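Engineer: My questions all concern the structure below.
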Amino acid sequence: MEELSSKTKKMKRFINFFAVLLSTFHMASCQQLHTDKALQLKNEYDMNPIGKNLNKLSKVPFFLDFTTEQLQWVDANTDEYGFSKGQEIPTKDKMQSVYWILLYGSWDIETNNNGLVNKTHVNTLGSWFQLASNPEKNHFSSLTASGTSYILMVPEAKMKEMKVLGFPIPAELKEKL
């Protein structure tokens, strides 16, 4: 009986070791995909990818009502970028289908309506921008960091998924999804 117990313990240790090994491999492969995507965006749009801090993220008004599990989901499904003053935040081509959420700093939204340039300065943390949701999109010119800024990039599909999953996203955004 003791021999069977010893074999059982060894088998359990092996299974646990194997499970840890597989999960480590899976996390590393996911990290590599994330890293490859971040490097592509860095090269294509001169964006500086940075790591997210869930504690700080939970203090941004957009995320105040999110649970720890929801914040972990956000961490796994979004990317954060640092922008320096005057750096344009990409909104054209493929980037039209992403939402930008201001985590720190500020940005300027510039529109041009028949030669009349209007610049709106936004420094409210948790503010979001998405070109298709911008009522002035026909006159939109640029979204630019007006100071050192950290901005979360959320693909439109992930934002819609957050709505379906019942995440407490702002009501005005829910209406647009």
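Engineer: Just need a number here: residues in the range 91-134 that are closer than 26 Å to E161 by Cα and of a type in the set (A, V, I, L, M).
Structural biologist: 8
Engineer: Just checking: which of the helices (runs of 4 or more DSSP H) contained wholly in the range 1-114 hold 1 or more residues that are at pLDDT below 55 and among the aromatic types (F, W, Y)?
Structural biologist: Result: 2-45.
Engineer: Another question, if that's okay. Considering only the range 115-125, how many residues are part of a strand (DSSP E or B), under 24 Å from L64 (Cα atoms) and either in contact (Cβ under 8 Å) with a residue 24 or more places away in the chain or touching a Pro at 6+ places or on another chain (Cβ under 9 Å) (or both)?
Structural biologist: Here is the first cut: in the range 115-125, the residues part of a strand (DSSP E or B) are 116-122.
The next check asks that each one be under 24 Å from L64 (Cα atoms); those that pass are 121-122.
Among the residues that remain, those that are also either in contact (Cβ under 8 Å) with a residue 24 or more places away in the chain or touching a Pro at 6+ places or on another chain (Cβ under 9 Å) (or both) are: 121.
Summing the residues that are part of a strand (DSSP E or B), under 24 Å from L64 (Cα atoms) and either in contact (Cβ under 8 Å) with a residue 24 or more places away in the chain or touching a Pro at 6+ places or on another chain (Cβ under 9 Å) (or both) in the range 115-125 gives 1.
Engineer: What are the residues in the range 94-133 that are surrounded by 15 or more Cβ atoms within 10 Å (Cβ to Cβ), polar (S, T, N, Q) and farther than 16 Å from Y81 by Cβ, if any?
Structural biologist: Passing the criteria: T111, S133.
Engineer: Of the conditions (1) part of a loop (DSSP other than H, G, I, E, B); (2) surrounded by fewer than 14 Cβ atoms within 10 Å (Cβ to Cβ); (3) within 13 Å of the chain's Cα centre (by Cα), A157 clears all except one; give me its number.
Structural biologist: So A157 meets the others, but not (1).
The values are calculated or read from the model by the stated rules, or taken from the named source; none is laboratory data. Keep in mind that what you see is a predicted model, and the values were worked out from it rather than measured. Positions of Cβ are generated from backbone atoms using ideal geometry, with glycine treated the same way; all protein chains shown enter the neighbour counts.
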